[in-house]
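Q: Before we start, here is the structure in question, set down as structure tokens.
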Amino acid sequence: MIALLIRDLRLAMRAGGGFGLGLAFFLIVVTLVPFGVGPQSDLLARIAAGILWLGALLACLLSLDRILALDWEDGSLDLLATAPLPMEAIVSIKALAHWLTTGLPLVLFAPVFGLLMNLPEAGYKPLVLSLLLGTPALSVIGTFGAALTVGLKRGGLLLSLLVLPLYVPTLIFGAEMARRGVEGLDITTPMLMLAGITCGTIALLPFASAAVLRVNLR
Amino acid sequence: MVLNVSDLTIARGGIKVLEGISFDLAPGGAIVLRGPNGIGKTTLLRTIAGLQPPHSGRVDADPESLVYAGHSDGLKATLTVEENLVFWAQVFGNTDISKAVKSFQMARLVNRPAGMLSAGQKRRLGLARLLVTGRPVWILDEPTVSLDADAVAMFASAVRAHLARGGSALIATHIDLGLPEAEMLEVGPFRARAAELDDFDEAFL
């Protein structure tokens, strides 16, 4: 299992691996939004938390179809399925590798992007915390979507349509937590809801992903 | 017996392709599957490898003893030959890749990215993967595609050495591998009679 994680991380770092793809997309979003909104720094400060969360979500979505499709195309997925690793472990490791290469960089760079968005000072800690709690759920749900569409050529559109509704609860509670942080309100309730969603998806979705992957490999 | 197939019927997309297949594979034995394109050799091998459930009948084998190699080699183009082999060795709980490198004469290529290999070299690397898994029963789907005559001989000697160690092999192929000791199994006679869909939903699952 460690070998699979190391391989996936190494592949992400090599040429064409897609590491930094999400980060670059996130950066583009947060640099362009201020141009779109115009010179109103108070308005920007109000929408900053929501835009940052939306940017993170779309950046995550961008790299989802790479999670399993590449392994399916070159036959590794068939070989992994017959290897002595449980399918649930394979999809969990894939999701972890996706989070480490996409979600974690977003969390780490969020303060810098918050600066670009004129995020009020009180909002930084809740924003980073909400992304840290919420992005693992995005990777796990995304892996489920990738498992559903793994056999399809150019399944990206279908993948987005399937996954986006599942992302909505994470987005609502994540953005709510960041917004409340900005306004100096209590963040406990949305934080607990967000953490609950993430824990629930991590606990349950690998079984669903493994089941659909088995069906898709037939 | 390391692999026992009895009265197996296999289906693809809910339609039966082969039915009533029975054979046994003993330690040290090899079976070569033959049959025209599209008859269902790949489906049969995937069923035995456990990638899809049988339609009916039984496949008795320890799943921990099988290793499957399909049409694609499962190589990562940006990883080197060595990194590819070490990865598969680790997945199967081994560390030593030197024997596999030697058997398929890949010593000069170990530091080259797999994407830079020729088609035949990629196939050799895919076959070298079998040796690093350390599993006794090889299930191979057209292993000699894009190999030249020397590489086919290399493959035959690797299979022979594997059989001599008590391993077994089930190989689907169209060419003569130069393995006279292998038993031939013509799958043509097992072709399933055309039948209507018995489970309509199956085609959509």
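Read-outs: derived from the displayed coordinates by stated rules, not from any lab. None of the values given here were measured: they were computed from a predicted structure. All Cβ positions, even for glycine, are placed from backbone atoms using ideal geometry, and neighbour counts span all protein chains on display.
Q: Within the bounds of the range A:170-190, is there any residue that is among the aliphatic types (A, V, I, L, M), within 30 Å of B:Phe92 (Cβ to Cβ), buried (at least 21 other Cβ atoms within 10 Å of the Cβ) and away from every other protein chain (no Cβ under 14 Å)?
A: Within the range A:170-190, none of the residues are among the aliphatic types (A, V, I, L, M), within 30 Å of B:Phe92 (Cβ to Cβ), buried (at least 21 other Cβ atoms within 10 Å of the Cβ) and away from every other protein chain (no Cβ under 14 Å).
Yes/no matrix, rows are residues, columns are (1) crowded, with 21+ Cβ neighbours inside 10 Å; (2) under 25 Å from A:Leu133 (Cβ atoms); (3) small (Gly, Ala, Ser); (4) more than 10 Å from every other protein chain (Cβ to nearest Cβ):
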| site | (1), (2), (3), (4) |
| --- | --- |
| A:Ala3 | no, no, yes, no |
| A:Leu9 | no, yes, no, yes |
| A:Leu32 | no, no, no, yes |
| A:Asp42 | no, no, no, yes |
| A:Leu61 | yes, yes, no, yes |
| A:Glu88 | no, yes, no, yes |
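Q: Which one is farthest from the other protein chains (Cβ to nearest Cβ), of the residues in the range A:64-74 that are of a type outside the set (Lys, Arg) and closer than 14 Å to A:Arg154 by Cα?
A: A:Leu64
Residues checked against (1) closer than 27 Å to B:Leu51 by Cβ; (2) small (Gly, Ala, Ser):
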{"residue": "A:Leu159", "(1), (2)": "yes, no"}
{"residue": "A:Phe173", "(1), (2)": "no, no"}
{"residue": "A:Glu176", "(1), (2)": "no, no"}
{"residue": "A:Gly181", "(1), (2)": "no, yes"}
{"residue": "A:Ala208", "(1), (2)": "yes, yes"}
{"residue": "A:Arg214", "(1), (2)": "yes, no"}
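Q: Which condition number in (1) under 27 Å from B:Ser146 (Cα atoms); (2) more than 10 Å from chain A (Cβ to nearest Cβ) is the one that B:Ser72 fails?
A: Unmet for B:Ser72, out of (1) under 27 Å from B:Ser146 (Cα atoms); (2) more than 10 Å from chain A (Cβ to nearest Cβ): (2).
Q: Another question, if that's okay. I'm trying to understand the selection: among the residues of the range B:33-84, which are in contact (Cβ under 8 Å) with a residue 40 or more places away in the chain and of a type in the set (Val, Ile, Thr)?
A: B:Ile39, B:Thr42, B:Ile48, B:Val59, B:Val67, B:Val81 - these are the residues of the range B:33-84 that are in contact (Cβ under 8 Å) with a residue 40 or more places away in the chain and of a type in the set (Val, Ile, Thr).
Q: To continue, here is another question. Pairs, please: C-beta under 9 Å, at least 6 apart or cross-chain, first residue in contact (Cβ under 8 Å) with a residue 40 or more places away in the chain and in the range A:117-146, second surrounded by 24 or more Cβ atoms within 10 Å (Cβ to Cβ) and among the basic types (Lys, Arg)?
A: A:Ser139/A:Lys94; A:Thr143/A:Lys94; A:Ala146/A:Lys94
Q: Taking the conditions exactly as written (within 14 Å of chain B (Cβ to nearest Cβ) and out of contact with any Gly (no Cβ under 9 Å at 6 or more places or on another chain)), does A:Arg14 satisfy them or not?
A: yes
Q: In the range B:35-69, what residues are of a type in the set (D, E, K, R) and within 11 Å of chain A (Cβ to nearest Cβ)?
A: Selection gives B:Arg46, B:Glu64.
Q: Here's another thing I want to ask about it. Select, from B:Ala149, B:Ala172, B:Ala119, B:Ala153, the only residue that is among the aliphatic types (A, V, I, L, M) and buried (at least 17 other Cβ atoms within 10 Å of the Cβ).
A: Answer to the check: B:Ala172.
Q: For the range B:75-85, how many residues meet the condition of being facing chain A (nearest Cβ under 8 Å) and not hydrophobic (A, V, I, L, M, F, W, C)?
A: 3
Q: Could you list, in sequence order, the residues of the range A:150-161 that are surrounded by fewer than 17 Cβ atoms within 10 Å (Cβ to Cβ) and closer than 22 Å to A:Ile51 by Cα?
A: The answer is A:Leu161, and nothing else.
Q: Would you point out which residue out of B:Asp96, B:Asp7 is of a type in the set (D, E, K, R) and at positive phi?
A: B:Asp7
Q: Would you say A:Leu77 is within 22 Å of A:Leu205 (Cβ to Cβ), buried (at least 20 other Cβ atoms within 10 Å of the Cβ) and within 14 Å of chain B (Cβ to nearest Cβ)? First the steps, then the outcome.
A: Numbers: within 22 Å of A:Leu205 (Cβ to Cβ): yes; buried (at least 20 other Cβ atoms within 10 Å of the Cβ): yes; within 14 Å of chain B (Cβ to nearest Cβ): yes.
Yes, satisfied.
Q: Of all the residues that make up the range A:128-155, how many are assigned to a helix (DSSP H, G or I) and farther than 21 Å from A:Ile93 by Cα?
A: Final tally of qualifying residues: 3.
Q: Name the helices (runs of 4 or more DSSP H) wholly within the range B:34-118 that hold at least 1 residues that are under 20 Å from A:Asp74 (Cα atoms)?
A: It comes to B:41-49, B:81-91.
Q: Among B:Leu45, B:Leu79, B:Leu25, B:Leu8, which is the only one that is of a type outside the set (Asp, Glu) and touching a Leu at 6+ places or on another chain (Cβ under 6 Å)? Please lay out each step first, then the result.
A: Working: B:Leu45 fails: touching a Leu at 6+ places or on another chain (Cβ under 6 Å); B:Leu79 fails: touching a Leu at 6+ places or on another chain (Cβ under 6 Å); B:Leu8 fails: touching a Leu at 6+ places or on another chain (Cβ under 6 Å).
Of B:Leu45, B:Leu79, B:Leu25, B:Leu8, the one residue that is of a type outside the set (Asp, Glu) and touching a Leu at 6+ places or on another chain (Cβ under 6 Å) is B:Leu25.
Q: Does the range B:48-59 include one or more residues that are polar (S, T, N, Q) and surrounded by 17 or more Cβ atoms within 10 Å (Cβ to Cβ)?
A: Yes: one or more hits.
Q: Something else about it: Here are A:Leu64, A:Leu43: which of them is farther than 27 Å from B:Val67 by Cβ and over 24 Å from the mean Cα position of the chain (by Cα)? So that I can check it myself, show each step before the final result.
A: Details: A:Leu64 fails: over 24 Å from the mean Cα position of the chain (by Cα).
Checking each option against the conditions leaves just A:Leu43.
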